[in-house]
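Quick notes on the structure that follows.
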Number of protein chains: 2
Amino acid sequence: MKLEQIETPAALIDVARMQKNIARMQAHMNTLGVAFRPHVKTTKCIDVVRAQLAAGARGITVSTLKEAEAFFAAGIGDILYAVSMVPSKLPRALALRRQGCDLKLVVDNPNAAAAIAAFGDQHGETFEVWIEVDTDGHRSGIQPEQDTLLEVGRILHENGVKVGGVMTHAGSSYELNTAEALAALAEQERAGCVRAAQRLREAGIACPVVSVGSTPTALAAQQLEGVTEVRAGVYVLFDLVMHNVGVCTLDDIALSVLATVIGHQEDKGWAILDAGWMALSRDRGTSRQSHDFGYGQPCLLNGTLLADYVVSGANQEHGILSAAQANVKANTTAGTSADDITQRFPIGMKLRILPNHACATGAQFPEYHAVAPDGSSAEWKRFYGW
Amino acid sequence: MKLEQIETPAALIDVARMQKNIARMQAHMNTLGVAFRPHVKTTKCIDVVRAQLAAGARGITVSTLKEAEAFFAAGIGDILYAVSMVPSKLPRALALRRQGCDLKLVVDNPNAAAAIAAFGDQHGETFEVWIEVDTDGHRSGIQPEQDTLLEVGRILHENGVKVGGVMTHAGSSYELNTAEALAALAEQERAGCVRAAQRLREAGIACPVVSVGSTPTALAAQQLEGVTEVRAGVYVLFDLVMHNVGVCTLDDIALSVLATVIGHQEDKGWAILDAGWMALSRDRGTSRQSHDFGYGQPCLLNGTLLADYVVSGANQEHGILSAAQANVKANTTAGTSADDITQRFPIGMKLRILPNHACATGAQFPEYHAVAPDGSSAEWKRFYGW
């Protein structure tokens, strides 16, 4: 199907850009001498993940057990479920392991560790668990010097659970925007996770894997001594938030939302699009960054940026395109003549909108349209839910 | 299935609250003497819509052609597609009408009106079109006194298209929070739409339907002279935004997200939940209102509000529950002792989170769990996409 024939709104993946992003990350990992385990929560799409594995990725990271089940069914066995395990989810994890899935679990507290050990004992299953380490204070995990780290390690190790490694995610990297700050956080992430592994090993607990990563720190890392693997997700498509963080250009962004102009408010300088927040997502991640892109950056079908315009507002199925100099937060605009808006964006015209956050925007669609350089496209299914 | 057995995160509908909300709206419409056409974009769930129709609703409003196709397939024929039509979507509309669906289209500009007329002529189909009227300047539509109104009316009327009515949506009602302001906007919405119908009729164009509505203005309307029907969507479930607008209590909110405590950061006073923004949605609608509920209001499983706590931050699959007095925007918190957070919210504990915006949160889930007063639940499918 050609781009012009795709019904709107639709999620497009520029395959050439995606392949370039995959190659860039894999080459950097190869240079640093570490394995790469992509986080598939960004796309939940087997076609994308196959491209990541074909480029050299080893195993995948998932954010839900549904992802684990779907990708295992698609033939991928080496899976890290990177959200703290709780007892109620153990039966699904057990079922996956019983089918032959090499599923690794994550914990950051003694209660969950004890529950995994007890459940494994009860069912005769040796679970593999990685301990989550907190290296930047933004979310979950045990700090490298906390007593809890060894407590959790011992509960697992002494009760028949394999301590497969330690893992951390310096998600606060999304709040940075200089190469220096990113490199410093990458080093902090590395050092903290390596230190946690060292403490476990000194306590007699084998800890073969040291897994770190977020897209910004992965790309900013200059050396990864002691690290065995890196994880990252959004790098495969990139988005406007990552542009503001400084780890990609606008031309690297491989995801866009195809939209149609369905109306105008000439006196306000608005063109109305059929892509509202249901298509673009409610993610306004760039609102806290140096360049606020509203609900997205419009481009022509061929990818040419329309830097003077922005999607300044959104209802469920309506987006408002207006001049970029307007205050996108107040959703009031001016400075674009009526002639300009109706002539430049006539009814039926199609545009591509670069999104704030590829993980959030992709999740709104049952499928991607993967667009080849010749303009033809293929449908790539994605899934959702838990 | 009992509430305790449902895997998390999950979207729950409290059926008793939903039925109360449906009855309240329908009773108000009956008192005002108008038909009621619910907007099904909120739930995209046939079980919910059947309850709305059983209570007296006549026909439905949809925001996508996929909704029209799905609900027509489920036996509902009277459907208003309430987003401006564009030529590229006419083949799907034609297919629905050819199957017997009484699908009504909406336009607000001459180009789209002419395109519908030409397409109908080409295919021998008499489309029914309602003209969208702008009564509050928030989005689409033609202002009642604009010349364009009659221009569009004539293009349709003189070229074989049935002008079925006028419709408006005073969506700026979401920005109000007093009964007086809501009643005034409801009257403005009514008067503007009735005036548009009057002008069309004076020009010799029959305009049988006058359709108005948004949840706040529908509930605030004191008289609807000249109006034939009202539309509203979110009233069926309500949410925290509607609570802040002042049209429901927290106890009316019928949608919640079931979540499990999966960890803690004791020094920060955080409990970590397995409901992040993928489950709660990125909608932060209450951030611009009088009471900012962060990513949602936690409750116990039995519905008891935990007013001292809030979901103050969210990653894709992680939510941060912390004390409500904290600044939820900065996502920093204090004032909750470590003992309190780990003892009050132990690992594995389940909570219900009331959402900012029921339309956005529901859309993240493939199904609702409809919870009966006895605590048992049934799975109600919902769909997404376009």
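So here's what we get for this one:
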read-out	value
Most mobile of B:SER290, B:SER214, B:SER172 in a GNM of chain B (Cα contacts under 10 Å)	B:SER290
P(r) weight above 21 Å for the stretch A:250-380, C-alpha pairs, percent	35
Ratio of the Cα radius of gyration of chain B to 2.2 N^0.38 Å, where N counts its residues	1.06
Formal net charge of residues neighbouring B:ALA35 (Cβ-Cβ distance under 13 Å; K, R +1; D, E -1)	+1
Sequence-distant lysines (8 or more away, or on other chains) whose Cα lies within less than 19 Å of B:LYS268	B:LYS329
D (Stokes-Einstein, µm²/s), Kirkwood Cα radius, the stretch A:28-138, 1.002 mPa s at 20 °C	145
Among A:GLU158, A:GLU229, A:GLU125, residue whose mean-square fluctuation peaks in a GNM of chain A (springs only between Cα atoms under 10 Å)	A:GLU158
The stretch B:164-228 - Kirkwood radius from inverse mean 1/r over Cα pairs (Å)	11.9
Stokes-Einstein D in µm²/s, Kirkwood radius over Cα pairs - the protein assembly as shown at 25 °C with 0.890 mPa s viscosity	91
Paired Rg and Dmax values of the stretch A:16-233, which use every Cα atom, in angstrom	16.6, 50
Phi-based couplings in Hz for the stretch A:371-376 (Karplus 6.51, -1.76, 1.60; Gly and Pro marked x)	9, 7, x, 7, x, 6
For chain A, built as a Gaussian network whose Cα springs stay under 10 Å, the top-fluctuating residue of A:ASN244, A:ASN302, A:ASN109	A:ASN302
Cβ-vector label at 7 Å, A:ALA184, separations to other copies in nm	5.1
At 7 Å out from Cα toward Cβ: A:LYS162 inter-copy label distances (nm, ascending)	6.8
Per residue Cα convex hull volume in Å³ - calculated over the stretch A:96-154	84
DSSP loop trypsin sites (Lys or Arg not before Pro) with at most 14 other Cβ within 10 Å excluded, longest remaining stretch of chain A	A:59-328
Separation between Cα centres of the stretch B:1-72 and the stretch B:101-146, rounded to whole Å	26
Mean separation of Cα contacts under 8 Å (6+ apart) over length of the stretch B:250-380, as relative contact order %	31
Dipole moment magnitude, nearest 20 debye, the stretch A:16-233 about Cα centre, only Lys, Arg, Asp, Glu C-beta charged	820
Residue-count net charge about B:TYR368 - beta-carbon cut-off 9 Å; Lys, Arg +1, Asp, Glu -1	-1
Candidate aspartates and glutamates - alpha carbon under 18 Å from A:LYS20, same-chain residues fewer than 8 apart omitted	A:ASP47, A:ASP239, A:ASP251, A:ASP252, A:ASP374
For the B-to-A rotation axis, chain B residue with nearest beta carbon and its distance in angstrom	B:ARG282, 2
Span-rule helices in chain B, defined as complete DSSP H runs reaching 18 Å or more along the axis (Cα) with Kyte mean at least -1.0	B:15-32, B:110-123, B:179-202
Label point 7 Å beyond Cα along the C-beta direction, distances from A:GLY303 to other copies (nm, shortest first)	5.4
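Readers should treat all values here as calculations from the given coordinates under stated rules, not as data from a laboratory. What you see is a predicted model, and the numbers here were worked out from it, not measured in a lab. As a convention, Cβ positions derive from the backbone with ideal geometry for all residues, glycine included, and neighbour counts pool all protein chains shown.
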